Amino acid sequence: MWFDRRRGPARRKETGRSLARRLHTRIGLWLMVSLLMFVVTGIVRSPHFGSRVVSVLDGPTVSTAPIKGSGGLIGVDRAVACASRAGLGGPLRITMATSHGRPYTVAERTVRWPIRADEVTVDPYTGRIADRVRFADTPLVSKVLKLGVLAHSGRLFGPVNQAVELLRMLGTVPLIGFGYRMWWQRGPRRGPPARRAILRTIPWPGRLVVLGSVSAVRRLLPAFGISLALFVVVEAAVNWAKEAPA
């Protein structure tokens, strides 16, 4: 809409639909990057799409294979002390060892900047560090993903992060409101009706691209894809009913 306005002729004082269009466009330009990051970081943690990509993007994890040894298991306090001597600090998540040789797993859970997310496994018999994964050594994509998810939930920078989330929400509300206002002002009595049956006017290769994109969206984002497919079916049914002979 912004590029379309830039190409068009200069306008005089804007009122009504043109004013709503201008405000909608300006707010959208200001929020565009922030909303895109918010949507992407939310999608990658969604139950369906997230489960397909997070295992690939989360990076390496420590080995939890059983460790052979003799004697009794060390206590959890000693395991935490061993992890602390290895440099781990802050809130920790601990997975208990078992009598079958499964090691203790100790992971940092600091979600504020600077983030601490190192993880170690501790030998349940000797207390030595059996394996370690450093957050600094994880792939760049994994780091960006983790930081983005923390920023998405408003936890990365504390009150500052939450204030940014609040401003984005307060900007999104009028963005949607002005969009609906333009749609309402474009009724049949106030302007030309919107074009219908767009798929019929484009060549078959273009139709295949559109249908393939919808199919991909339906597979990766089922809730959105199903609602989109339902919208297309309902619109097609309405158009068919209007064009059918009496």
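General observations
- Put Thr110, Thr126 in order of accessible area, highest first, and with a 1.4 Å probe you get Thr126, Thr110.
- The H on the amide N of Asp131, modeled in the peptide plane, is under 5 Å from the matching H of Thr121, each at least 5 residues off or on a different chain.
- If you take all other residues with their beta carbon under 12 Å from the beta carbon of Val39, and give Lys and Arg +1 and Asp and Glu -1, the sum is +2.
- Take each peptide in 237-245, 90-98, 145-153, 38-46, count the other Cβ atoms within 10 Å of every residue, and average; sorted highest first, the result is 145-153, 38-46, 90-98, 237-245.
- Note on the stretch 62-163: semi-axes of the ellipsoid equivalent to its C-alpha gyration tensor, largest first and rounded to whole Å, are 31, 13, 10.
- In Hz, Karplus ³J(HN,Hα) per residue of the stretch 82-93 (6.51, -1.76, 1.60; θ = phi - 60°; x = Gly, Pro): 4, 5, 5, 5, 7, x, 7, x, x, x, 10, 10
- Modelled spin-label separation between Leu228 and Val80, with each label point placed 7 Å from Cα along the Cα-to-Cβ direction: 4.8 nm.
- A cut-off of 5 Å between modelled amide H atoms, ignoring neighbours fewer than 5 places along the same chain, links Leu88 with no other residue.
The values are calculated or read from the model by the stated rules, or taken from the named source; none is laboratory data. Predicted model, so just to flag it, every value in this text is computed and none were measured. Backbone-built Cβ (ideal geometry, glycine too); neighbour counts: all protein chains shown. When the accessible area is computed, the model is the full protein with side chains, heavy atoms only, and any ligands, DNA or RNA have been set aside. Shrake-Rupley method; radii C 1.70, N 1.55, O 1.52, S 1.80 Å.
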